[in-house]
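*Asks:* Okay, handing you the structure first.
Laboratory data are not the source of any read-out in this text; all were calculated from the coordinates shown. Please read all numbers here as calculations on a predicted model, not as lab measurements. A quick note on method: Cβ atoms are made from the backbone with ideal geometry, for glycine too, and the neighbour counts reach across all protein chains shown.
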2 protein chains.
Amino acid sequence: MRIAYQGEIGAYSEEAARAVFPNGKVVPLPTFDAVFEAIAEGSVDRGVVPIENSLHGSVHANYDLLREHEVHIIAELNLRIRHHLMAPAGATLESVQRVHSHPQALGQCREFLRTQLPKAKLVPSYDTAGAAKDVAGLGGTQDAAIASSSAVLEYGLSTLAAGIESNHLNFTRFLALTAGRSNLAMTDLPEQETEALRERWKTSILYAQRENIPGGLFKSLAVFALREIDLFKIESRPLVGSPGKYIFYLDLAGHVAEEPVRLALRHLEEVASYVQVLGSYPLGETIN
Amino acid sequence: MRIAYQGEIGAYSEEAARAVFPNGKVVPLPTFDAVFEAIAEGSVDRGVVPIENSLHGSVHANYDLLREHEVHIIAELNLRIRHHLMAPAGATLESVQRVHSHPQALGQCREFLRTQLPKAKLVPSYDTAGAAKDVAGLGGTQDAAIASSSAVLEYGLSTLAAGIESNHLNFTRFLALTAGRSNLAMTDLPEQETEALRERWKTSILYAQRENIPGGLFKSLAVFALREIDLFKIESRPLVGSPGKYIFYLDLAGHVAEEPVRLALRHLEEVASYVQVLGSYPLGETIN
């Protein structure tokens, strides 16, 4: 099975892809657009993309791609983003004079760099895995990179310091996607009890409020509250260029094949101008 | 009046700071932490920070800093992020061989670079304004930077191409902050009619749901719906390390000095374990 992700070999997205699909063959692609296109066209079987980070928020660009492409969510994963300092064999903290990484990763390791490598020059790069690749190419003991543990293995580097990020509560939620739209008529109920569905499954939807309904947001949430369906996530996103218009992202407890969820979504269509089911999938693991 | 922002001279945050405070003296600081500390300590009078972007979502890190520091919001601004290609005088699209910028800006101009400068080498840098500074320092006609229009002026460069971002609906919302916490007992009602308050003012709050209240989110939104207070933004954020616990960001129509808003916030305290008013401020302009 071929699993697409955005980034270089050794990127955090590759770690996520391998965690979700341990037996898959990972396929790095240059952009998120390319990942969504490859899934929709069937040139890969699955794709894994980041959708929100605990420090940087929702990746709206990937929500947009979920709207635009014929794909749906089949799994999720929370991955702790652990940054490591790595360099070719023989390097030590004393020998390192330059540290290469993506500006965001350099920023997330600011405290470590300030105290342990105060004289090192910080060299921005396109991505963390690319920095590891560059450092491996340069050789020598003066250049180090900040990247993932899989980059250490991929580029044959040695770890000089592990888990050097200032904030250890840095998690990224990834979604696993496959071709085809999920829809309300979906009847392939998994072989479990309905109660277990509510506890073990999550459904992600997107919707737009119908205009000129007073208290529209409140009414749209009532369709779930009235059926005792819990929510994991609610986020409004203003539609730029359309003042007063919003798209909502909602994650709810349960599966679209379940009667109350299905009824709630039918009810939602009465107060929303647009509803898209992004997929029903098992509640994801957190990898620390 | 001294206005702090994060970044180099010529950064987008500086544009935002100058737009909100045309007569202020801008003070660049290296980190967001430094900006919040400077405001809280009073070493600057105001600060301007990004809080959400139309492509990249909410800046959770700045919401965290709003929680941690004794500051409150006094204004907001939506700034369109327009990227320009700039180089020292004499350069042309034909002469440019390297394009320097922050990886995010390079990515946002991918289409332009692919079609207009297919042979140029892309050089990542720490920030857009820093790239402009570097290019000005290098001189010559082979190096160009992607940055803001204020970077063109600041570093004496010429614009080779304006508005080169692929997605023109790229807006960042900035908040203007000053020292001291906003609070429910606040009584400095602006000198306007109450109705105008509802139309022209916005209040931002943070709250945490009380545990073990069934339908807690729905009840917390009911306190506003029951008083016909419109919401501009609702976002849940899972508290990493505390499964099932959430912080909510809410922007509502009105001023905390208004009776219905004050009553709604009192009511919210019955269903929330923690409520923080981040500030009441006039509805912001959008700068295209």
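*Asks:* Run the quick spin-label model on A:Glu111 and A:Glu269: label points 7 Å from Cα toward the beta carbon, then report their separation in nm to one decimal.
*Replies:* About 5.1 nm, to one decimal.
*Asks:* Considering only chain B, pick the residue with its Cβ nearest the axis of the rotation onto chain A, and state the distance in whole Å.
*Replies:* B:Gly57, 2
*Asks:* Report, in debye and to the nearest 20, how large the dipole of the range B:32-104 comes out about its Cα centre when Lys and Arg carry +1 and Asp and Glu carry -1 on their Cβ.
*Replies:* 500 debye
*Asks:* Which value in nm describes the separation of the simple spin-label points at A:Ala89 and A:Ala196, placed 7 Å from the Cα toward the beta carbon?
*Replies:* 4.9 nm
*Asks:* Under a 5 Å amide H to amide H cut-off, with H placed in plane at 1.01 Å, what residues pair with B:Ala147 once short-range neighbours are removed?
*Replies:* B:His84, B:Met86
*Asks:* While we're on this one: Round to a whole angstrom and tell me the spacing of the C-alpha centers of the range B:231-263 and the range B:211-229.
*Replies:* 10 Å
*Asks:* A follow-up question, please. Mind listing the phi-derived Karplus ³J(HN,Hα) values for the range A:271-282, rounded to whole Hz, using 6.51, -1.76 and 1.60 with θ = phi - 60°, and x for any glycine or proline?
*Replies:* Values, residue by residue: 10, 10, 8, 7, 10, 10, 7, 8, x, 10, 7, x Hz.
*Asks:* Give a residue-ordered list of calculated ³J(HN,Hα) values for the range B:53-68 (Karplus: 6.51 cos²θ - 1.76 cosθ + 1.60, θ = phi - 60°; whole Hz; x for Gly, Pro).
*Replies:* Once θ is set to phi - 60°, the couplings for the range B:53-68 become 10, 5, 9, 10, x, 6, 8, 4, 4, 6, 5, 4, 5, 5, 6, 7 Hz.
*Asks:* For A:Arg18, go 7 angstrom from Cα along the Cα-to-Cβ vector, then report the distances to that same point in the other copies in nm, smallest first.
*Replies:* Values, ascending and in nm: 4.7.
*Asks:* On to the next question. Using alpha carbons only, how many degrees (0 to 90, rounded to 10) separate the axis of helix A:128-138 from the longest principal axis of chain A?
*Replies:* Relative to chain A, helix A:128-138 is tipped by roughly 20 degrees.
*Asks:* Related question: Among DSSP beta bridges lying fully in the range A:85-154, give the percent that are antiparallel, nearest 5.
*Replies:* 20 percent
*Asks:* Taking 7 Å along the Cα-to-C-beta vector as the label spot, tell me the B:Arg181-A:Leu153 distance in nanometres, rounded to one decimal.
*Replies:* 4.7 nm
*Asks:* Still on this structure, please answer the following. Is chain A rounded, prolate or oblate when judged by the Cα gyration tensor, a ≥ b ≥ c being the square roots of its eigenvalues, rounded requiring a/c under 1.5 and prolate requiring a/b larger than b/c?
*Replies:* Prolate, since a/c reaches 1.5 and a/b exceeds b/c.
*Asks:* Based on the Kirkwood radius over alpha-carbon pairs, what is the Stokes-Einstein translational diffusion coefficient of the range A:155-288 at 4 °C with 1.567 mPa s viscosity, in µm²/s?
*Replies:* Calculated translational D: 76 µm²/s.
*Asks:* Percent antiparallel among DSSP beta bridges with both residues in chain B, to the nearest 5?
*Replies:* Taking every DSSP beta bridge with both residues in chain B, the antiparallel ones total about 75 percent.
*Asks:* I would also like to ask the following. Cα-Cα over 27 Å: which of A:Lys233/B:Lys202; A:Lys233/B:Lys219; A:Lys202/B:Lys202?
*Replies:* From A:Lys233/B:Lys202; A:Lys233/B:Lys219; A:Lys202/B:Lys202, over 27 Å: A:Lys202/B:Lys202.
*Asks:* Report, by chain and number, residues whose modeled amide H sits under 5 Å from the one on A:Lys202, excluding near sequence neighbours (fewer than 5 apart, same chain).
*Replies:* Amide H neighbours of A:Lys202: A:Gly254, A:Tyr281, A:Leu283.
*Asks:* From the label point of A:Ser95, set 7 Å from Cα along Cα→Cβ, how far away are the matching label points in the other copies, in nm, ordered shortest to longest?
*Replies:* Spacings between copies for this position, smallest first, are 4.3 nm.
*Asks:* Placing +1 on the Cβ of each Lys and Arg and -1 on the Cβ of each Asp and Glu in chain B, which of B:His72, B:Ala162, B:Leu221 has its Cα farthest towards the positive end of the resulting dipole?
*Replies:* Selected residue: B:Ala162.
*Asks:* Identify all lysines with a Cα-Cα distance to B:Lys25 below 25 Å; exclude those on the same chain that are fewer than 8 residues away in sequence.
*Replies:* B:Lys133
*Asks:* About the Cα centre of the protein assembly as shown, what is the dipole size in debye to 20, counting +1 per Lys and Arg Cβ and -1 per Asp and Glu Cβ, all else neutral?
*Replies:* Dipole about the Cα centre, nearest 20: 680 debye.
*Asks:* For the range B:1-144, what proportion of DSSP beta bridges, expressed in % and rounded to the nearest 5, is antiparallel?
*Replies:* Roughly 15 percent of the beta bridges in the range B:1-144 run antiparallel, per DSSP.
*Asks:* Report Rg(Cα)/(2.2 N^0.38 Å) for the protein assembly as shown, keeping two decimals.
*Replies:* Expressed relative to 2.2 N^0.38 Å, the Cα Rg reads 0.99.
*Asks:* Which residue fluctuates the most in chain B, going by a Gaussian network model with Cα springs under 10 Å, if the choices are B:Gly254, B:Gly130, B:Gly156?
*Replies:* Maximum fluctuation in the GNM of chain B, among the listed residues, is at B:Gly156.
*Asks:* Would you mind classifying the range A:1-155 by shape? Square roots of the alpha carbon gyration tensor eigenvalues, ordered a ≥ b ≥ c; an a/c under 1.5 is rounded, otherwise it is prolate if a/b is larger than b/c and oblate if not.
*Replies:* Prolate.
*Asks:* Restricting attention to the alpha-carbon atoms of the range B:45-119, what are Rg (one decimal) and Dmax (integer), both in Å?
*Replies:* Gyration radius and largest Cα-Cα distance of the range B:45-119: 17.7, 52 Å.
*Asks:* Suppose a student asked you for the relative contact order of chain B, using Cα pairs under 8 Å spaced at least 6 residues apart; what percent would you report?
*Replies:* It comes to 23 percent, rounded to a whole number.
*Asks:* How far is B:Ala162 from itself in the other copies, in nm, if each label sits 7 Å out from Cα along the Cα-Cβ line, shortest first?
*Replies:* Relative to the other copies, B:Ala162 has label-point distances of 5.4 nm.
*Asks:* First check a/c for the range A:217-288, with a ≥ b ≥ c the square roots of the eigenvalues of its C-alpha gyration tensor; if it is under 1.5, answer rounded, and if not, answer prolate when a/b is larger than b/c or oblate otherwise.
*Replies:* Taking the square roots of the gyration eigenvalues as a ≥ b ≥ c, the range A:217-288 is oblate.
*Asks:* Same structure again: Treat every Asp and Glu Cβ in the range B:131-288 as -1 and every Lys and Arg Cβ as +1, leave all other atoms uncharged, and give the resulting dipole magnitude about the Cα centre to the nearest 20 debye.
*Replies:* Values: 14 positive and 19 negative charges, 112 e Å.
It works out to roughly 540 debye.
*Asks:* Which one, B:Ser58, B:Gly137, B:Pro30, is farthest towards the positive end of the dipole of chain B when Lys and Arg carry +1 and Asp and Glu -1 on their Cβ?
*Replies:* B:Gly137
*Asks:* Also, quick follow-up: If you average the C-alpha positions of the range A:54-106 and of the range B:70-114 separately, how far apart do those two centres end up, in angstrom?
*Replies:* About 22 Å separates the Cα centre of the range A:54-106 from the one of the range B:70-114.
*Asks:* Also, I was wondering about something else. With unit charges on the beta carbons (Lys and Arg positive, Asp and Glu negative) and the dipole taken about the Cα centre of chain A, which residue among A:Ala16, A:Ala89, A:Val277 sits farthest to the positive side?
*Replies:* A:Ala89
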